Amino acid sequence: MSRVGVLLVQLGTPDQPTPQAVRRYLREFLGDPRVIEAPRWIWWFVLRFRVLPSRSYQSATKYARIWHPERGSPLLYVTRQQTLKLQEALGEDYLVRFGMRYGNPAIGPAVTELMAAGVDRLLMVPMYPQYSATTTGTACDALFQDLMRRRVVPALRVVPPYYDDPLYIEAVVHRVRETLEDWGKEPEKILFSFHGIPVAYVQRGDPYPEHVQRTCKLLAARLRLDDEQWILCYQSRFGRAPWLQPYTDDVLVELATRGVRRVLVVQPGFTADCLETVDEIGFEAAELFKCHGGEELVRVPALNDHPAWIAALAALVRRESCNWVSETETGSTVAPTAAGETTPRDASPVQDDAAERM
């Protein structure tokens with residue numbers, strides 16, 4: 001049997017931190033009807049004549065703050081590292097590549113490379129633990145549209161949302177505990193900050209907030225946090241329409257004015273550091289908190305290429321490619337867990353967790 005193709009799909013990033021490159025990226029991103037659900041002809045004018053002229057320069061300034069002179073965009077560098085390390089963890093029975101929903105490298109060339117290598121079974125891994133039509137949904141759109149133009153279409157599977165998967169939860173817990181150990185202090189409040197979406201999208205059936213709430217409850221239980229110790233909030237809102245609340249910046253201002261001096265911000269929805277983590281929280285939110293009387297805002301890094309996360313990804317891939325790779329090919333019937341232990345490959349951590357809750 002040929003190797004199983006594994007396609008990691010991430011949101012995307014501009015090619016350069018310049019207004020021109022950012023404009024191209026934002027035009028594709030904000031032009032997606034999954035992202036902005038508005039009448040197309042109205043939004044076309046608003047995007048091109050109001051949003052892009054101003055936002056391209058503003059965003060370029062922010063990207064310049066986080067751009068590495070050699071590595072470039074943090075999101076691109078981290079995703080490349082995740083791909084390399086996942087390939088190493090999975091072994092020769094799999095071929096791992098990645099593609100960006102917006103910008104470069106795009107999904108299409110990654111699929112072409114996989115198929116040119118003889119892949120006839122493709123497993124797509126959305127790098128979004130919680131499902132939303134604005135993320136996983138549009139990533140699937142892009143892949144499906146690419147496959148529609150091909151004469152030969154591989155067998156296809158998509159990893160389902162893993163917002164409550166024990167290995168994902170454990171990977172986030174690892175990140176939090178390591179950050180607290182390095183900090184050496186106890187936060188007065190812990191914020192679980194997720195990317196927001198418009199309330200109207202939820203009213204139309206998007207399950208995103210349900211997934212977010214479940215993730216937070218599992219993390220709080222695993223970290224042994226009381227209800228008073230943590231707050232769920234949403235960041236990165238865009239436009240004037242109401243988005244999921246409370247807003248992260250409003251929460252930080254309120255906490256600072258109430259006398260809270262130390263906060264820890266966890267962003268479980270981001271599997272790789274990017275503008276929304278490094279700059280929006282690490283720089284802008286930290287400055288906002290301090291301007292209103294806070295003293296320290298510490299950001300927990302995204303999962304990135306942390307060994308616990310790579311192990312969790314490998315376990316997800318093995319589980320979702322069940323029967324695509326035989327035991328004799330893999331040479332083992334167990335997969336590593338985040339803690340370095342082993343679990344039967346045919347066992348489902350999600351099912352085990354559900355059984356414990358019943």
| message | Taking a virtual spin label 7 Å from the Cα of Ala38 along the C-beta vector, which residues in region 50-82 bring their backbone nitrogen under 12 Å of it? | response | 50-52
| message | Could you derive backbone 3J(HN,Hα) for region 96-104 from the dihedral phi with the Karplus parameters 6.51, -1.76 and 1.60 (θ = phi - 60°), listing whole Hz in sequence and x where the residue is Gly or Pro? | response | 9, 9, 9, x, 9, 5, 10, x, 10
| field | Label point distance in nm, Ser236-Asp141, each placed 7 Å from Cα along Cα→Cβ | value | 1.6
| Residues with beta-carbon under 9 Å from that of Gly108, excluding Gly108: net charge, scoring Lys, Arg +1 and Asp, Glu -1? | 0
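Given the chain, what percent of its DSSP beta bridges are antiparallel, to the nearest 5? All intermediate terms of the calculation are to be shown ahead of the outcome.
Working: 5 of 39 bridges.
Of those bridges, close to 15 percent are antiparallel.
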| Extension reserve of the Gln203-Glu113 stretch, reckoned as 0.36 nm per residue once the Cα distance is removed | 28.5 nm
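So for region 247-327, averaging the separation of alpha carbon pairs under 8 Å that are six or more residues apart and normalising by length, what relative contact order in percent results? Write down the numbers at each step before the final one.
On the way: 76 pairs, mean separation 29.2, N = 81.
Relative contact order of region 247-327: 36 percent.
Just check the chain against the gyration tensor rule for me: Cα atoms, a ≥ b ≥ c as the square roots of the eigenvalues, rounded for a/c under 1.5, and otherwise prolate or oblate depending on whether a/b exceeds b/c. Don't skip to the answer; put the middle values down first.
On the way: a/c = 1.74, a/b = 1.17, b/c = 1.48.
Oblate is the answer for the chain, as a/c is 1.5 or above yet b/c matches or exceeds a/b.
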| remark: When Ser236, Ser59 are arranged by how many other beta-carbons sit within 10 Å of their Cβ, fewest first, they go Ser236, Ser59
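Under the classification rounded if a/c is under 1.5, otherwise prolate if a/b is larger than b/c and oblate if not, where does region 166-299 fall, given a ≥ b ≥ c as square roots of the Cα gyration tensor eigenvalues?
Values: a/c = 1.65, a/b = 1.14, b/c = 1.44.
Oblate, because a/c is 1.5 or more while a/b does not exceed b/c.
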| Using helices alone, what [θ] at 222 nm do you get for the chain, with -39,500 (n - 2.57) per DSSP H run of 4 or more residues, divided over all residues and rounded to the nearest 500? | -13000 deg cm²/dmol
| message | Starting from 0.36 nm per residue, how many nanometres of slack lie between Thr61 and Phe283 once their C-alpha separation is accounted for? | response | 78.6 nm
| query | With each pseudo-label sitting 7 Å past Cα toward Cβ, what's the Leu84-Asp120 distance in nm, one decimal? | reply | 3.3
| Residue order, fewest to most surrounding Cβ atoms within 10 angstrom, among Val202, Val96, Val119 | Val202, Val119, Val96
| query | What whole number of Å gives the distance from the Cα centroid of region 178-226 to the Cα centroid of region 254-332? | reply | 10
| message | Is there a quick way to get the dipole size of region 166-299? I mean about its Cα centre, with the Cβ of Lys and Arg at +1 and of Asp and Glu at -1; what is the value in debye to the nearest 20? | response | 320
| request: In nm, give the distance between the simple-model label positions of Gln20 and Ala106, each being 7 Å from the Cα along the Cα-to-Cβ direction. | output: 2.0
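For Trp183, what charge total do you get from the other residues with a beta carbon under 11 Å from its beta carbon, if Lys and Arg give +1 and Asp and Glu give -1?
Values: positive: Arg177, Lys185, Arg262, Arg299; negative: Glu178, Glu181, Asp182, Glu186, Glu296.
Net local charge, Trp183 excluded: -1.
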| note | Net charge (Lys, Arg +1; Asp, Glu -1) of residues whose beta-carbon lies under 15 Å from that of Asp141, Asp141 excluded, is -2
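Where does each of Trp41, Trp309, Trp183, Trp230 land when they are ranked from fewest to most other beta-carbon atoms within 10 angstrom? Please list the in-between numbers first.
Values: Trp41 7, Trp309 25, Trp183 14, Trp230 20.
Lowest to highest Cβ neighbour count: Trp41, Trp183, Trp230, Trp309.
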| task | Let me know the charge dipole size of the chain about its Cα centre in debye, to the nearest 20, where only the beta-carbon of Lys, Arg (+1) and Asp, Glu (-1) is charged. | result | 1400
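Explain nothing, just the number: relative contact order of the chain, from Cα pairs under 8 Å at least 6 residues apart, as a whole percent.
20
A short reminder: the numbers here are calculations on the coordinates, not readings from a lab. On a predicted model such as this, the values are computed, not experimentally measured, just so you know. No Cβ is skipped: glycine too gets one built from the backbone with ideal geometry, and neighbour counts run over all protein chains shown.
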